[in-house]
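Any read-out appearing in this document is the output of simple, stated calculations on the displayed coordinates, not a laboratory observation. The structure displayed is predicted, hence computed values, not measured ones. No Cβ is skipped: glycine too gets one built from the backbone with ideal geometry, and neighbour counts run over all protein chains shown.
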Amino acid sequence: MARPDYTKSINACAAHYGDEADAVRRYMVEGQEKAYALGNRGPIRFNADGSLDPGIAEAYSKHGFYVFENVIGGAEMADILEDIEDVRSRFPIHPGSSVDTQGRPAIGAGCKGPGLIWSKPLTDPLGGTDVSNGRHQVKLKDLKAAADAPEEAPFVLFGSLQFSDAALRVYGHPDLLRVAAAINGEDFAPFNEVLFIKDAGLGSAVSWHQDGDTHWDNPAFDEGIHGFNFMAQVYGSTPVNGVWVVPGTHKMGKIDIAAMVEESGSERLKDAVPIVCEPGDVVMCNRQLVHGSFANSGFEPRLTINFGFHRRSSVLDVKGAGIHSPVAVYTDEIIQQRSKALGYAIAARHNQYPDEKQYDYKPFRDTGATFVWDSAARADMRDYNLLDLSI
């Protein structure tokens, strides 16, 4: 299959950088070629005994990310696209508004937990700030948006499972959950779920960072102690709108990213590659990997259904980082309560795809917990993200 041609978007992006335009263009073209050459992409594959294909595990361990191709089929993608259109129609009119354009209560209105976050178009709102415990050490270049661009654009929707039924069903995808069990153990625990929104000509940058916070000095530190994220791509991911990563950095502990930028001579880290993939692909990305994304000054939108998982040993009786939820010690009771979202997701997916084999989550099997997706369950999901297991 021929690779998509992103030349027009790359050129449009490069034009924003003035004297650096040629360097930006070359960086993106060469980065894409390096990404495809890594050999860490393909369909989800399991052995006859149900275990994950060792080639996938080895490539993920080596590079810190893996692109699972064609995970989401045509029927489910159509469902997602329809759902996302409905979700976006329920966004607030502007930051701080409690109603949408039709006068209905907007998404997140009345919720205690974080909901929709906005940002000025084509800026880096996090870089060089104290947000998220200062993990975004450097600020990426703010680009100039079009004259008719809105003052603020949607950026991240937190607690997305309570707002998007399609995202909830993706969360319960049996093959992805089998992968989670293979990487983090059958008793894997939830983390956090969001929609990342990078509209064409508007989407903000996310400065280079590592997601982990709690375990950098843990004597038991290893490459997987802070878990991973799945990133399901609704429209695809390009060198312009996509996440860039520095392969292998998930093994190196906490990194001085400012020093990496200085060594590279610019904000374009010299060893980084873009995560390039098609609609329906799902990326597994280690949270310790150095990663970030530039402002989306191209022509293709990106919307990522993002959800992560931890090893249970990484969160049980551990004091959280306070980034995604209030600081708390994650007791077994809290983990069980937060895991209900996964039970509802598996049930909701079964309602939609009754012929698909449901995922059998070991902690539910051990406790005998059962779940039904109905109006009562929907009400129970409200503000579920106040219990995000943030490490």
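Which helices of the chain meet both criteria: a Cα extent of 20 Å or more along the helical axis and a mean Kyte-Doolittle score no lower than -0.5, with helices taken as whole DSSP H segments? Passing helices, by number: 74-89.
Do any chymotrypsin sites (Phe, Trp or Tyr not before Pro) in region 242-344 lie in a DSSP loop with no more than 14 other beta carbon atoms within 10 Å, and if so, which? Sparse-neighbourhood loop chymotrypsin sites (Phe, Trp or Tyr not before Pro): none present. Each principal axis of the Cα cloud of region 255-300 was evaluated for its coordinate range; sorted largest first, these ranges are 36, 26, 14 Å. Among 6-16, 58-68, 166-176, 44-54, sorting by the average number of other beta carbon atoms lying within 10 angstrom of each residue, highest first, gives 166-176, 58-68, 6-16, 44-54.
Taking the centroid of alpha carbons for each part, region 237-277 and region 31-73 are 20 Å apart. Couplings 3J(HN,Hα) for region 288-294, derived from phi with the Karplus relation 6.51 cos²θ - 1.76 cosθ + 1.60 (θ = phi - 60°), are 8, 5, 5, 8, x, 8, 7 Hz, where x marks Gly and Pro. From its DSSP helices (H runs of at least four residues, each -39,500 (n - 2.57)), the chain gives a residue-normalised ellipticity at 222 nm of -9000 deg cm²/dmol. Here Lys270 is the anchor, and the aspartates and glutamates within straight C-alpha reach of less than 18 Å, apart from those fewer than 8 places off in the same chain, are Glu20, Asp22, Glu30, Glu33, Asp256, Glu262. Evaluated at 37 °C with a viscosity of 0.692 mPa s, what Stokes-Einstein diffusion coefficient in µm²/s does the chain have when Rh comes from the Kirkwood expression over alpha-carbon pairs? It diffuses with D of about 154 µm²/s by this estimate. Straight Cα distances below 16 angstrom link Lys144 to the lysines Lys120, Lys198, with same-chain residues fewer than 8 positions distant left out. By its C-alpha gyration tensor, with a ≥ b ≥ c as the square roots of the eigenvalues, how is region 125-244 shaped: rounded for a/c under 1.5, else prolate for a/b larger than b/c, else oblate? Since a/c reaches 1.5 but b/c is at least a/b, the shape of region 125-244 is classed as oblate.
Using a Gaussian network model of the chain in which every pair of alpha carbons under 10 angstrom is joined by a spring, one finds that among Asp222, Asp366, Asp142 the greatest mean-square fluctuation is at Asp366. In straight-distance terms, cross-link reach from Lys112 covers every one of the lysines whose alpha-carbon lies under 19 Å from its own, apart from those fewer than eight places away in the same chain; here that gives Lys340. Secondary structure note: in the chain, about 95% of the DSSP beta bridges are antiparallel.
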